[in-house]
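Written out below as structure tokens is the structure these notes cover.
The values are calculated or read from the model by the stated rules, or taken from the named source; none is laboratory data. Remember, it's a predicted structure, so these values are computed and weren't measured experimentally. Cβ placement follows ideal geometry from the backbone for every residue including glycine, while neighbour counts extend to all protein chains displayed. The accessibility values were calculated without ligands, DNA or RNA, using every heavy atom of the protein model including side chains. Shrake-Rupley method; radii C 1.70, N 1.55, O 1.52, S 1.80 Å.
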Amino acid sequence: MSVVHGDCRVILKTLNDASVDLVYLDPPFFTQKAHSLATRDNSAEYSFDDRWGSLDEYLSFMHQVLVQCQRVLQGTGSIFLHCDKSASHHLRRLLDEVFGAEHFQSEIIWAYKRWSNAKKGLQNAHQTIYFYSQTGDF
């Protein structure tokens, strides 16, 4: 077993058809922001740009990625897609289109509280992980 980490647009092209048991995607969320984060000791900084020309551009990108994920998944494989409220309803529709609504298994809601300097107190937040199985049952 091995874990492959990196840009899915590059990695998916190198994988054979029906060669993967599990896909976990943590794609851009369509926040329309540039993000950056430094380590606690400020020894390294990580950043990425999550700005898109339009929702259609973002969904076209995600559709292409999901089609390639479906291509590389084995017949018994599963996919988990991590997203937030920015485009979750659109992504669920794309997952249904590519994998089939009958293959939807569950959604995991990850709820947490976060601190905001803009508002007093902790703010409620959540993210979603959609789970689809190629076999339609798990």
**Item:** the chain: most fluctuating residue of LEU37, LEU59, LEU73 per GNM, C-alpha cutoff 10 Å
**Value:** LEU37
**Request:** Report, largest value first, the span of the C-alpha coordinates of the chain along each principal axis, in whole Å.
**Result:** 48, 33, 31
**Asked** To the nearest 10 degrees, how steep is helix 55-72 against the longest Cα principal axis of the chain, on a 0 to 90 scale?
**Response** 40
**Prompt:** Using a 1.4 Å probe, how large is the accessible area of GLU45, given in Å² and rounded to the nearest 10?
**Reply:** 130
**Message:** What figure, in Å² to the nearest 10, do you get for the accessible area of HIS126 with a 1.4 Å probe and non-protein molecules left out?
**Reply:** 80
**Message:** Only Cα pairs within less than 10 Å get springs; with that Gaussian network setup on the chain, which residue of ASP41, ASP17, ASP26 has the largest fluctuation?
**Reply:** ASP41
**Asked** Per-residue ellipticity at 222 nm for the chain, helices alone: DSSP H runs ≥ 4 residues times -39500 (n - 2.57), over residue total, nearest 500 deg cm²/dmol?
**Response** -8500 deg cm²/dmol
**Request:** Using a/c under 1.5 as the rounded threshold, could you call the stretch 25-86 rounded, prolate or oblate? The axes a ≥ b ≥ c are square roots of the C-alpha gyration tensor eigenvalues, and prolate needs a/b larger than b/c, oblate otherwise.
**Result:** oblate
**Request:** Quick one: compute the contact order of the chain, relative version, from alpha carbon pairs under 8 angstrom and 6+ residues apart, as a percent.
**Result:** 26
**Request:** Starting from the Cα of THR135, step 7 Å toward the Cβ, then list every residue of the stretch 69-98 with an amide N under 20 Å from that point.
**Result:** 70-81
**Item:** 12 Å beta-carbon shell around GLY77, net charge (K/R +1, D/E -1)
**Value:** -1
**Request:** Specify the angular offset, from 0 to 90 degrees and rounded to the nearest 10, of the alpha carbon long axis of helix 88-99 from the longest principal axis of the alpha carbons in the chain.
**Result:** 10
